[in-house]
Amino acid sequence: MASARDVKLIGRWASPYSMRPRVALNIKSVGYKFLQEKAGEKSGLLLKSNPVYKKIPVLIHSDNIVCESRIIVQYIDQVWTSGRTILPEDPYERATARFWAAYIDDKWFPWLSGRPKARVGEVGGEVRGRRGGEGSDV
Ligand SMILES: N[C@@H](CCC(=O)N[C@@H](CS)C(=O)NCC(=O)O)C(=O)O
């Protein structure tokens, strides 16, 4: 089992994307240090660790920095192999699980945050404050 010193997670308790790696680490019984970002702020560590997207969550495992919640979950699943696996072993079931995880990211989270992706032709490329109404692709 990794110690909390080896594993750090940059995230925020209220972030659904941060919840994914937290659940995965708990399933694998991996101790970790949770480095919480303040809402509306980006720490130097976050900007340095995820210069491409500048978003949480970010997993820091010794010298490895892993970004993007679904990729982090796969990394956790492959690094800590004792105990149960998170993603199904069967390729078809694995593909199905990935499909629904992508669906949640593409459709659900934007809808929950009130920022559904705009259809082609929407002003500014975004529909603000509308939840699944006309013009929404949810
Ligand atoms: N695709 C990313 C999405 C992560 C994401 O959107 N994180 C939000 C917090 S829940 C964030 O960092 N937002 C700050 C920003 O957009 O600048 C993932 O799956 O990790």
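The values are calculated or read from the model by the stated rules, or taken from the named source; none is laboratory data. Note that this is a predicted model, so its numbers are computed, not measured. Glycine also receives a Cβ, built like all others from the backbone with ideal geometry; neighbour counts cover every protein chain displayed.
Does Tyr32 satisfy the condition of being modelled with pLDDT of 95 or more and in contact with a Cys (Cβ under 7 Å, 6 or more places away or on another chain)?
no
Give the residue, chosen from Glu41, Glu37, that is within 15 Å of the chain's Cα centre (by Cα) and within 12 Å of the ligand (Cβ to nearest atom).
Criteria check complete, one pass: Glu37.
Looking only at segment 45-58, which residues are out of contact with any Gly (no Cβ under 8 Å at 6 or more places or on another chain) and within 10 Å of the ligand (Cβ to nearest atom)?
Leu46, Asn50, Tyr53, Lys54, Lys55
What number of residues within segment 68-84 are in contact with a helix residue (DSSP H, G or I) (Cβ under 7 Å, 6 or more places away or on another chain) and aliphatic (A, V, I, L, M)?
3
Kindly provide the set of residues from segment 66-98 that are more than 16 Å from the ligand (Cβ to nearest atom) and in contact with a Pro (Cβ under 7 Å, 6 or more places away or on another chain), ordered by number.
Matches in segment 66-98: Arg94 only.
Would you check which residues across segment 63-86 are more than 16 Å from Ser29 (Cα to Cα) and either of a type in the set (A, V, I, L, M, F, W, C) or in contact with a strand residue (DSSP E or B) (Cβ under 8 Å, 6 or more places away or on another chain) (or both) and list them?
Passing the criteria: Ile65, Val66, Cys67, Ile71.
Going residue by residue through segment 105-114, is there one that turns out to be assigned to a loop (DSSP other than H, G, I, E, B) and modelled with pLDDT under 95?
yes
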